[in-house]
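First the structure, in the form of structure tokens, and then the observations on it.
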Amino acid sequence: MEPIDYQREYNRLSELYAKMGEGELETVAAEAYNLTDVAREALSFAISTRGFKIPLNLASPAEEEVESLPPTDDGFVPDDQDLSVNYVAQDRGELLKVKAFFDAARIECFLGEEKVHDPKELTGGFEGGVEMRVWKAEAKRAYQLLAAVIPDFEKRDPVPDVEVRCPKCHSDGVIFEERAAAPTDSTPAKNVKFCWVCDDCGHEWEDDGIVQS
């Protein structure tokens, strides 16, 4: 990489990491073995300057050691309107790599037209790519994650257009706070609630990821 390109990429990543919270930085650091040298340098600097004690994991696990998240539902298939396409994998290796990122960040991912969790349940091939969807409430966090770990991701995939408005004042100044419950075997995905707060009127609410206007 030319010096000017290296500096430009370093600046881009530094701005990206500066917007992340401690938990998000921990997620990226856990997958540091997949980052480029400039990304690791920018990540390390971002962590140290903010006083976090987060180690960078540079040991790449063997493919067979990477485990998927356990099934989170009982055959529940969400509607397309509730999901956002965050990545289109062109082959199985690429799909498994991106899914491992989502799994590590505890971001639930639905694969292909079937919207399954397990890649083994995909019935079609990779001609035209396999779409990888996440809940709309998680779309921007998923995008930030992939932008941090996949070189030139931002050039290939625009920021997802996910509009969320306050149900009280209808402002778009909405902040996603947290999931009320992380999906588990006992908490199906359809029962998971997302916590929001309006930056304009202060209204707080929970929903299933889609704000009704």
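The values are calculated or read from the model by the stated rules, or taken from the named source; none is laboratory data. Note that the coordinates shown come from a computational prediction; the quantities given were computed from them, not determined experimentally. Note that we place each Cβ from the backbone using ideal geometry, even for glycine, and neighbour counts take in every protein chain shown.
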Q: Return a yes/no flag: does the range 106-122 have any residue that is out of contact with any Gly (no Cβ under 9 Å at 6 or more places or on another chain), under 14 Å from T27 (Cα atoms) and outside the structural domain of G23 (by TED's automatic domain parsing).
A: yes
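One line per residue, one yes/no per condition, for (1) at pLDDT below 90; (2) at negative phi; (3) surrounded by fewer than 21 Cβ atoms within 10 Å (Cβ to Cβ):
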site	(1), (2), (3)
D82	yes, yes, yes
N86	yes, yes, no
K97	yes, yes, yes
F102	yes, yes, no
K115	no, no, yes
G128	yes, no, yes
A139	yes, yes, no
A142	yes, yes, no
L145	yes, yes, no
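To keep it simple, each residue is scored yes or no on (1) modelled with pLDDT under 85; (2) over 17 Å from the mean Cα position of the chain (by Cα); (3) under 28 Å from E127 (Cα atoms).
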residue	(1), (2), (3)
E2	yes, yes, no
A29	no, no, no
S48	no, yes, no
P55	no, yes, no
S68	yes, no, yes
G93	no, yes, yes
Q.
What are the pairs with Cβ atoms under 6 angstrom where one residue, in the range 133-149, is within 16 Å of L111 (Cβ to Cβ) and the other, located anywhere, is surrounded by 23 or more Cβ atoms within 10 Å (Cβ to Cβ) and at pLDDT below 80? Sequence gap at least six, or different chains.
A. W135/G209
